[in-house]
Amino acid sequence: MVDVFISYSRDNKARVADIAAAVSAAGYDVWWDAELPPHRSYGDVITEKIGSAKAAIVVWSQASAQSEWVRAEADVARNQKKLVQTAIDDVMPPLPFNQIQFADLRDWRGEADHSGWRKVLMSLEDLCGREAVAAPAPVPRPVAPVAPPRDDVPSPPAAPKSSFLPWALLGLAVVAIALLAWKLTQPAAVEPAASQAAAPVDEEKSEVAATDDAPAPATAPGEAFTLAAVIDDPDGFTNIRAAQNTQSAIVGKVLEGEKFLTYQQPGQWWRVRKADGTTGYMFRKYIRLVEGGATQAAAAPAGPMPTGVGGSGVVIPDSSERLLTPADIANFGLLELRIARNEIFARHGFRFRDPRLTRHFSQFDWYRPTSDNVQLSAIEKANVSLLKSAEAAAQ
């Protein structure tokens, strides 16, 4: 069994080799596919190694974010609750991993006190169950001076050999004291506001609660995207940044007239999200809220309900099994987006408060309303979030 599995793109092999060496130097047993046996199937070995590892480091880059293998490995690690995310260039992890915190290693060059690297080590300590600290050199045994032998004095009987146990206990005590001193001298790990992304479950729930046709569970503070907005920028576009300053990476742009979602926040920088799921920070003075906000904008659109694929009433049959992309729903109308989002809840037997939705889904044998509170999978939560953002942008 290994301690740490590393997932990456081969385009970044040299950089990942540095990370693997540093993790190994911190006292962990590391596996990455540079060690892949020539006689074993790649998929079999990867599945085996992720399953046996205590932690899985995913190294996000422009290349790895496009890799189906890296996404699949990250999804396995997330489901097994052993995912540790890092980024080595100017990239945000792809959906749904952009809702989980990651360690920024873009400017890390092996420094032990680098803030991003300390995050990685703290995660490894939690997952692997031990400190990432190299053991100090053993304490040397003191040697008493030996007097030259005398011929006229009989030699005393040889003293029995001292036991190794006292010295081993002394060494352990020194190690414990050193670790305690190191812990006490470390600065408190305070996450900047830019990294306080809410978990997908809370974000999805808070948005669903903006309408009267989906459950309204508790939301995570600060991540209820319930206000529709547009930009008010003389340049005709506004950048979305990864953090609350103009020096941080640009993760997206909003064009004049394009709608996006936000919420009331203190300070000059607000969290926003586009219809394609891009989330980041925008300077407050460029944000103009749409009157009525997202709550009123989300009112049920008029028109006949879509019949769905083969008259089943289902707009996207596999939306509970795979992650949707903006391209999948690019040609959907507002009513189709609304039904596509709510059919995810209908599959779980959710009892809708909106009578129009109840009438629609009750036409089909597959819908069995049984509960006022349903549990969605991670894929379903991400798809609900994407569809909700697309609805807001389509108003």
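The values are calculated or read from the model by the stated rules, or taken from the named source; none is laboratory data. The structure presented is a predicted model; accordingly, all values stated were derived computationally and were not measured. All Cβ positions, glycine included, derive from the backbone under ideal geometry; neighbour counts span all protein chains shown. We work out accessible area using only protein heavy atoms, side chains counted, and drop any ligands, DNA or RNA first. Shrake-Rupley method; radii C 1.70, N 1.55, O 1.52, S 1.80 Å.
Remarks
- Looking only at region 42-67, and only at residues there that are charged (D, E, K, R) and either touching a strand residue (DSSP E or B) at 6+ places or on another chain (Cβ under 9 Å) or modelled with pLDDT of 90 or more (or both), the one that is most open to solvent (accessible area, probe 1.4 Å): 54
- Checking residue 358 against (1) over 30 Å from residue 76 (Cα atoms); (2) touching a Leu at 6+ places or on another chain (Cβ under 9 Å); (3) of a type outside the set (Gly, Ala, Ser), the condition it does not meet: (2)
- Candidates 72, 21, 14, 77: the one that is in a helix (DSSP H, G or I), closer than 21 Å to residue 129 by Cα and free of Cβ contacts under 8 Å to residues at least 40 places away in the same chain is 21.
- Of all residues in region 359-377, exactly one satisfies the criterion of being modelled with pLDDT of 90 or more and β-branched (Val, Ile, Thr), namely 370.
- Of the listed requirements (1) modelled with pLDDT of 90 or more; (2) closer than 29 Å to residue 367 by Cα; (3) loosely packed, with under 13 Cβ neighbours inside 10 Å, residue 285 misses just one: (2).
- The residue of region 97-110 that is most open to solvent (accessible area, probe 1.4 Å), among those that are in contact with a helix residue (DSSP H, G or I) (Cβ under 7 Å, 6 or more places away or on another chain) and assigned to a loop (DSSP other than H, G, I, E, B), is 101.
- Pairs with Cβ under 8 Å, 6+ apart, first in region 316-330 and under 9 Å from residue 379 (Cα atoms), second open to solvent by less than 60 Å² (accessible area, probe 1.4 Å) and acidic (Asp, Glu): 319/343; 319/380; 320/380
- Among residues of region 223-244 that are farther than 17 Å from residue 263 by Cα and open to solvent by 40 Å² or more (accessible area, probe 1.4 Å), those with a Cβ under 8 angstrom from a residue that is modelled with pLDDT under 90 and in a loop (DSSP other than H, G, I, E, B), sequence gap 6+ or separate chain, pair up as 237/256.
- Count of region 338-375 residues which are farther than 30 Å from residue 230 by Cβ and among the hydrophobic types (A, V, I, L, M, F, W, C): 7
- Residue match in region 360-377 (condition: hydrophobic (A, V, I, L, M, F, W, C) and open to solvent by 40 Å² or more (accessible area, probe 1.4 Å)): yes
A quick yes/no check of all residues on (1) open to solvent by less than 40 Å² (accessible area, probe 1.4 Å); (2) on the phi > 0 side of the Ramachandran plot:
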residue	(1), (2)
72	no, no
78	no, no
84	yes, no
87	yes, no
95	no, no
115	no, no
129	no, yes
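- Criterion violated by residue 96 - all others in (1) under 19 Å from residue 378 (Cα atoms); (2) in contact with a strand residue (DSSP E or B) (Cβ under 7 Å, 6 or more places away or on another chain) satisfied: (2)
Conditions tested, residue by residue: (1) part of a loop (DSSP other than H, G, I, E, B); (2) open to solvent by 10 Å² or more (accessible area, probe 1.4 Å); (3) modelled with pLDDT of 90 or more; (4) in contact with a strand residue (DSSP E or B) (Cβ under 6 Å, 6 or more places away or on another chain).
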{"site": "331", "(1), (2), (3), (4)": "yes, yes, no, no"}
{"site": "336", "(1), (2), (3), (4)": "no, yes, no, no"}
{"site": "342", "(1), (2), (3), (4)": "no, no, yes, no"}
{"site": "345", "(1), (2), (3), (4)": "no, no, yes, no"}
{"site": "379", "(1), (2), (3), (4)": "no, yes, yes, no"}
{"site": "382", "(1), (2), (3), (4)": "no, yes, yes, no"}
{"site": "385", "(1), (2), (3), (4)": "no, yes, no, no"}
{"site": "390", "(1), (2), (3), (4)": "no, yes, no, no"}
{"site": "393", "(1), (2), (3), (4)": "no, yes, no, no"}
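- Evaluation of residue 317 against the conditions (1) surrounded by 12 or more Cβ atoms within 10 Å (Cβ to Cβ); (2) at pLDDT 90 or above; (3) under 33 Å from the mean Cα position of the chain (by Cα) shows that the sole unmet condition is (2).
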